[in-house]
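Participant: Just passing along the structure, written as structure tokens.
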Amino acid sequence: MTALSNFFLGIAKSVTRLLAFIGRELVEVRRRPGVLVSLVFGPFLVMAVFGIGYSGYRKPLTTILVIPPQSGLPQDAATYQKVAGRFLQIVDIVPDQAEATRRLAEGDVEVVAVAPGDAQQRFQSGQQSVIEVQIDIADPVQAAYAGLMADTFANSVNQEIIKKGTAQAQQDAAAHGVPNATQIPPEVVAQPTKADVVNIAPTIPTVVGYFGPAVLALILQHMAVTLIALSVVRDRLSGAMELFRVSPVSAWEVVAGKILGFGVLCAAIAVVSLVLLVLGLSVPMLGSIGLLAAVVALLVAASLGLGLLISIVSDSERQAVQLSLLVLLASVFFSGFAVPISEFTDVVRIAAYAIPVTNGITLMQDVMLRGEIREPLQAAILAATAVVLLLACWLLLRRGMTRA
């Protein structure tokens, strides 16, 4: 009976110490209400301004056409604007390539397209003509986009040439009595097929609706990493860890108390943020609340484990903040938030999955925008990351708290 009583007494004392840790962390945060307000409403306001100010569409590239006088081509911009479509804006037509290049270098326009002066002669001799496209763009993404639009423009020009050639050939054939010479329209000959895009996704969100879950996942990770890292470092620098060392508190109680304390805070902020996203910014919520709560819990647990690991290897608050910012920077670049993760090499992509938010972004977007998790393996990876990080932190902290 005595052993059983001691067992339950030990459990009761452990629970009491855990509750003390949780209350201590919550009280520390409550003393700074401005931090709570900024954590909850700051990201919401940023996303609201982003949604109001971002249209989601690229503006057309301002373009100058160089049409040599001997080419015999039309000289009015309206004719070429129909061919260019909405991605290129024809602002001027000039006969001199040097002038157009100068205006491109000065930043007046973004694209210069030079028409060949001997296109008809080359075509009659069975040779291709080259439309030279000049750009002056340092951004590789914008440069690739400009190249794509140039290819689209060249294809449109080819279609116009085919249509005109077909129409002339049909007229000649009809004049010589060829039956059904004009049965097929020139437009169909030049473009026999066209694409009709059908999006079968459960919902087609706005830009804010798509990036809302990703921003929330990134915020939850950064908040969890930073708060717990600074808390543990302050405990060590203030001498609290030395008190824990000589007290009945064990390493697992410290880890569990910190995780539960900051977990409750992160959960509360996640709930408020989700309500603001769904009701305030109209972000879709197709999945179940329970499934989303499980994803948030895994993300927060793994993030707190990462922050606890940072606090153990840091010897000052400054170093903890620096490492937390490095994690944030890596998360922005390698989690799929800014650049699709599929565009990285296999080695980098595998390493990126060790960052909790990499899996958290995909899982939260799946639950909220699709109503289900398409890759359960990512949930397993996130859970395994949380277990490994928390276990490693417990072992390292236990070794540090070992009494001499």
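Participant: Round to a whole number: what % of the accessible area of the range 99-179 belongs to carbon and sulfur, probe 1.4 Å?
Facilitator: Answer for the range 99-179: carbon and sulfur cover 53 percent of the accessible area.
Participant: On to the next question. How about Lys82: which lysines have a C-alpha closer than 23 Å to its C-alpha, ignoring those fewer than 8 places off in the same chain?
Facilitator: Straight-line reach from Lys82, under 23 Å: Lys59, Lys163, Lys164, Lys194.
Participant: May I ask you to compute the full-extension gain from Arg318 to Ala154, defined as 0.36 nm times their residue separation minus their alpha-carbon distance, rounded to one decimal in nm?
Facilitator: Gain in length upon complete extension: 53.5 nm.
Participant: Still on this structure, I have one more. Using packing as a proxy for protection, rank 297-305, 148-156, 228-236, 346-354 so that the peptide with the highest average count of other Cβ atoms within 10 Å comes first.
Facilitator: Listed from highest to lowest mean packing, they are 297-305, 228-236, 148-156, 346-354.
Participant: Rounded if a/c is under 1.5, else prolate if a/b is larger than b/c, else oblate: which is the range 93-226, with a ≥ b ≥ c the root eigenvalues of its Cα gyration tensor?
Facilitator: oblate
Participant: Follow-up question, since we're still on this one. Let's test the formula: R0 of 35 Å, r as the Cβ-Cβ distance of Glu106 and Asn199. What FRET efficiency results, to the nearest 0.05?
Facilitator: The formula returns an efficiency of 0.25 here.
Participant: Follow-up question, since we're still on this one. Leaving out ligands and nucleic acids, and using a 1.4 Å probe, what accessible area per residue does the range 276-404 come to in Å²?
Facilitator: Accessible area per residue, the range 276-404: 50 Å².
Participant: Considering only DSSP states other than H, G, I, E and B, which GluC sites (Glu not before Pro) in the range 312-390 qualify as loop sites with at most 16 other Cβ atoms within 10 Å?
Facilitator: Glu372
The values are calculated or read from the model by the stated rules, or taken from the named source; none is laboratory data. Here the structure is a predicted model, which means the values were calculated and not measured. In this analysis, Cβ positions are derived from the backbone assuming ideal geometry, glycine residues included, and neighbour counts consider all displayed protein chains. These accessible areas exclude ligands, DNA and RNA; they are computed on the full protein's heavy atoms, side chains included. Shrake-Rupley method; radii C 1.70, N 1.55, O 1.52, S 1.80 Å.
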